[in-house]
Amino acid sequence: MGIIINLDKILEREGMKSNELAEKIGITTANLSILKTGKAKAIRFSTLEAICEILNCQPGDILEYLDEK
Amino acid sequence: MKWHLSILKLISIVLIIVLILSAAINIFGAIQQFEFFNDLANSFYFKSYFPKRSFEYSLTGQIIFYAINALLFLYLAYGLRSAPKLISETSKENLFYQHQAIEIRKISSAIIVYAKLKFLLILCVGAFFLIAPFNIIGFIPSFLILYILGKVLILFSKIVEKGELIKQENELTI
């Protein structure tokens with residue numbers, strides 16, 4: 001599993017929809033979906049910064065490391 | 001660039017057609033048992049395989065040579081079948097796509113196998129039927145060109161494989 005994305009939880013906490021967030025940070029909903037489902041290979045600092053700014057959170061709230069063991 | 005790629009695509013298509021036609025000529029030569037080809041024996045094509053000698057060439061040897069040569073031409077034509085598609089994709093700016101490296105590797109192995117088997121065929125026919133054994137020396141440059149081309153294509157396939165991976169990573173970077 002490794003790194004997991006907790007974007008859904010934060011979106012729920014902030015009461016925001018995915019397409020709304022995608023529009024605000026300037027990425028497509030398809031790309032946001034790739035990020036949410038953990039299919040993304042990497043995330044740009046600029047994207048992470050935008051997400052944190054809009055959702056009032058820290059990068060650690062979005063990204064979580066889970067030990068595979 | 002598109003112009004060059006169009007020419008390259010045309011060359012690859014013509015090459016495949018020429019290989020198929022050459023195979024057909026060889027099959028025809030093997031079937032006709034060279035009655036028809038007696039008149040053509042002095043042509044450039046046949047001289048390149050069978051230079052003039054003071055003795056008669058073995059008929060069995062000639063038939064074996066032409067039959068296997070035809071199969072080799074067909075094998076190379078089959079191996080090169082994905083070359084026009086590869087060039088088309090490049091001209092469409094689709095530089096890296098899935099299975100591209102595998103397709104290039106297939107082309108390169110077809111070229112290498114063809115070069116090796118052709119060399120072996122000339123060597124064996126020369127040794128067993130005394131047909132053009134001295135042509136081995138003449139065939140070395142073309143063998144080396146084909147062999148090196150095949151190896152360069154293997155290297156190219158490795159680059160393309162890495163390129164596809166980088167493209168995928170880039171597309172999945174959000």
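Just so you know, all these numbers are worked out from the coordinates, no wet-lab data involved. It should be emphasised that the depicted structure is a prediction, and the values quoted were computed from it without experimental measurement. No Cβ is skipped: glycine too gets one built from the backbone with ideal geometry, and neighbour counts run over all protein chains shown.
Determine which member of the set A:C52, A:C57 is outside any helix (DSSP H, G or I) and either within 11 Å of B:I174 (Cβ to Cβ) or out of contact with any Lys or Arg (no Cβ under 8 Å at 6 or more places or on another chain) (or both). Walk me through how you get there before you give the answer.
Values: A:C52 fails: outside any helix (DSSP H, G or I).
On inspection, the qualifying residue turns out to be A:C57.
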(message) If the requirement is being part of a loop (DSSP other than H, G, I, E, B) and either of a type outside the set (S, T, Y) or loosely packed, with under 11 Cβ neighbours inside 10 Å (or both), which of these qualifies: A:E64, A:E68, A:E23?
(response) A:E68
(message) Quick check on my filter: what residues within region A:27-54 are more than 26 Å from A:E68 (Cα to Cα) and either more than 11 Å from every other protein chain (Cβ to nearest Cβ) or surrounded by 15 or more Cβ atoms within 10 Å (Cβ to Cβ) (or both)?
(response) A:I27, A:T29, A:T47, A:E49, A:A50, A:I51, A:C52, A:E53, A:I54
(message) If I filter region B:113-128 for residues that are touching a residue at least 40 places away in the same chain (Cβ under 8 Å), more than 24 Å from B:M1 (Cβ to Cβ) and not in a helix (DSSP H, G or I), do I get at least one hit?
(response) no
(message) I'm told A:L7 meets every condition in (1) closer than 16 Å to B:L172 by Cβ; (2) touching a strand residue (DSSP E or B) at 6+ places or on another chain (Cβ under 8 Å) except one. Can you identify the failing condition by its number?
(response) (2)
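Is it the case that B:L149 is touching a strand residue (DSSP E or B) at 6+ places or on another chain (Cβ under 8 Å) and surrounded by fewer than 17 Cβ atoms within 10 Å (Cβ to Cβ)? If you could, list the steps in order and put the result at the bottom.
Working: touching a strand residue (DSSP E or B) at 6+ places or on another chain (Cβ under 8 Å): no; surrounded by fewer than 17 Cβ atoms within 10 Å (Cβ to Cβ): yes.
Against the criterion (touching a strand residue (DSSP E or B) at 6+ places or on another chain (Cβ under 8 Å) and surrounded by fewer than 17 Cβ atoms within 10 Å (Cβ to Cβ)), B:L149 does not qualify.
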(request) Kindly indicate whether any position in region A:7-15 is within 14 Å of chain B (Cβ to nearest Cβ), charged (D, E, K, R) and touching a Leu at 6+ places or on another chain (Cβ under 9 Å). (result) no
(message) Among the numbered criteria (1) in contact (Cβ under 8 Å) with a residue 12 or more places away in the chain; (2) away from chain A (no Cβ under 14 Å); (3) assigned to a helix (DSSP H, G or I), which one does B:E164 miss?
(response) (2)
